[in-house]
1. On the principal axes of its Cα set, how long, how wide and how thick is the range 25-101? Give whole Å, largest value first.
2. Amide H to amide H, which residues 5 or more places from TYR91 or on other chains are under 5 Å from it, using H placed in the peptide plane?
3. Report, by chain and number, residues whose modeled amide H sits under 5 Å from the one on VAL69, excluding near sequence neighbours (fewer than 5 apart, same chain).
4. Relative to a virtual label point 7 Å from the Cα of LEU82 in the Cα→beta-carbon direction, which members of the range 43-67 show backbone nitrogen distances below 18 Å?
5. Out of residues 5 or more away from SER40 or on other chains, whose amide H comes under 5 Å of its own, with H placed 1.01 Å from N in the peptide plane?
6. Pairs of Cα atoms under 8 Å, at least six residues apart: use those to get the relative contact order of the range 25-101, whole percent.
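No lab work stands behind these numbers, since they all come straight from the coordinates. This is a predicted model, so every value here is computed, not measured. Here Cβ is always computed from backbone atoms with ideal geometry, including for glycine, and neighbour counts include all displayed protein chains.
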Amino acid sequence: MRTNLNTGDRMRYALAVSVLLLASCYHATIETGAAPSQQSIRKGFASGWIFGLVPPSTVATQEQCSSGVARVETQLSFVNQLVSFLTLGIYTPMQIDVTCAAGGSENVGAAP
């Protein structure tokens, strides 16, 4: 059965497909191999600029993670992407989660 769509229906269909495709969240994880601890650092709105060309400032972890870092996760949540869209990409926030390493893991990978 073939259905003929008028121009308005085609536009609505294209818009719906675009929204579904663009609603995904960017997510990246870096594992260092160290055992994770319960301590973590979270920046919900780390400020990036111009579609991420100017990245957020460095997350200072040395004071809070004395044994090093086990995992770093970055993501652009739906809210982060909405803010970026509303500011036309000028302000592009991202969420950064850092999980500290458990004590005694600071020598992982070190030469004997």
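1. Computed over the Cα atoms, the extents are 40, 21, 17 Å.
2. Counting only residues 5 or more places away or on other chains, the set is ILE50.
3. The list, which skips near neighbours in sequence, is ALA101.
4. Under cut-off, by backbone N: 44-46.
5. Amide H neighbours of SER40: CYS100.
6. Once normalised by length, the contact order is 47 percent.
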